[in-house]
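This report refers to the structure that appears directly beneath it.
The values are calculated or read from the model by the stated rules, or taken from the named source; none is laboratory data. Keep in mind it's a predicted model, so treat the numbers as computed, not measured. All Cβ positions, glycine included, derive from the backbone under ideal geometry; neighbour counts span all protein chains shown. Note: accessible area is taken over every heavy atom of the protein model, side chains too, but ligands, DNA and RNA are not part of it. Shrake-Rupley method; radii C 1.70, N 1.55, O 1.52, S 1.80 Å.
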Amino acid sequence: MRMRATVVAVSGALALSALAVPAAQADGGWGDTRITKVVVDGDNKVSVGTSGTKTIKVSVTAKDDSGIAGADSFTLYGPGNGYLTTSRPSCKASGTTSTCTASVLVDPRTDYLSNSNAGTWYVDAWIDARDDDFVWKQKAGSFAFQRAAQLTVNASPEPVKKGKTLTVAGKLTRANWENLKYGGYAGQPVKLQFRKKGAAAYSTLKTVRTNSKGELRTTVKASADGYYRYSFAGTSTTAAVSATADFVDVK
């Protein structure tokens, strides 16, 4: 007889920092069931702000020569004793392969979110096959659980004469899950980009680093009508973001 690892259920969708992650269990299984793919939120990146709920979707693909019968709720865990349990997965079959999908809601206004929870998270999955084979895998997949970021830009003066100096200011902030506000993100490299009117793509003019308040300021020579924006590539704990572009009319 096979024995399942027991996980204590948590009241509500989320328990972050308030509870320790359950004790680690070894990977295991029986037969030829195997997990082939894990995807979280489409791109394995989850960005959470300071208001509103965030639905995290988890999809686990598995195969067995008899087909997949179902899956237990997935466990997600990460830094700062972060711990989530999804809804019961729904599995869609294609031959002997099935993709089992579940979700969990995160609300920074009511859940125990700490800034220390940001970083790399992992997915644990238990999949059952139709012939009583199964697979239990820790760290079957991973994803970035990130603090949402905001970025602004303002180029002045507008309009400007060709060849004259433009000052491009902006600010990079990120969600503070502990006070539910956005605060300046200091010391970060941010690209200043330009897209000429009628062009399809942006080109990078220079990289500017934020000051202690997350502020950005630099100058460029005005050459043609076009759009200026700042673009931040993100970090392991903070999501990537690009500012809504500011159009400058060059006379």
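Residues that are hydrophobic (A, V, I, L, M, F, W, C) number at least 2 in the following strands (runs of 3 or more DSSP E) confined to region 134-228: 134-147, 149-156, 165-176, 189-196, 203-209, 215-221. Return the total of residues in region 24-35 being open to solvent by 70 Å² or more (accessible area, probe 1.4 Å) and of a type outside the set (Phe, Trp, Tyr). Here the count works out to 5.
Residues that are among the charged types (D, E, K, R) and within 22 Å of GLY31 (Cα to Cα) within region 107-148 comprise ASP124, ASP128, ARG130, ASP131, ASP132, ASP133, LYS137, LYS139, listed in sequence order.
If you check THR101 against the conditions, is it modelled with pLDDT of 95 or more, among the β-branched types (Val, Ile, Thr) and either open to solvent by less than 50 Å² (accessible area, probe 1.4 Å) or in contact with an Asp or Glu (Cβ under 7 Å, 6 or more places away or on another chain) (or both)? Criteria met by THR101.
Consider GLY82 carefully, then state whether it is under 30 Å from ALA243 (Cβ atoms) and under 18 Å from the mean Cα position of the chain (by Cα).
Details: under 30 Å from ALA243 (Cβ atoms): yes; under 18 Å from the mean Cα position of the chain (by Cα): yes.
Yes: the conditions hold for GLY82.
Exactly one residue out of THR85, THR61, THR53 is of a type outside the set (A, V, I, L, M, F, W, C), closer than 27 Å to ALA239 by Cα, in contact with a Cys (Cβ under 8 Å, 6 or more places away or on another chain) and in contact (Cβ under 8 Å) with a residue 24 or more places away in the chain, and it is THR61. Whether any residue in region 224-240 is touching a Pro at 6+ places or on another chain (Cβ under 8 Å), at pLDDT 95 or above and farther than 30 Å from GLY82 by Cβ is what I want to check. No: region 224-240 contains no residue that is touching a Pro at 6+ places or on another chain (Cβ under 8 Å), at pLDDT 95 or above and farther than 30 Å from GLY82 by Cβ. Residue-level analysis places ARG174 outside the set of residues that are without any contact (Cβ under 8 Å) to a residue 24 or more places away in the chain, open to solvent by 40 Å² or more (accessible area, probe 1.4 Å) and either of a type in the set (Ser, Thr, Tyr) or within 27 Å of THR120 (Cβ to Cβ) (or both). Apart from one condition, GLY198 fits all of (1) at positive phi; (2) free of Cβ contacts under 8 Å to residues at least 24 places away in the same chain; (3) surrounded by 13 or more Cβ atoms within 10 Å (Cβ to Cβ); the exception is (3).
Cβ-Cβ distances below 6 Å connect the following pairs, each with a first residue in region 133-157 that is free of Cβ contacts under 8 Å to residues at least 24 places away in the same chain, a second residue that is aromatic (Phe, Trp, Tyr), and a separation of six or more residues or different chains: LYS139/TYR122. Residues of region 42-85 that are open to solvent by 40 Å² or more (accessible area, probe 1.4 Å), not hydroxyl-bearing (Ser, Thr, Tyr) and not in a strand (DSSP E or B): GLY42, ASP43, ASN44, ASP65, PRO79, ASN81.
ASP43 meets the conditions (1) free of Cβ contacts under 8 Å to residues at least 12 places away in the same chain; (2) more than 30 Å from TRP177 (Cα to Cα) in every case but one. The failed one is (2).
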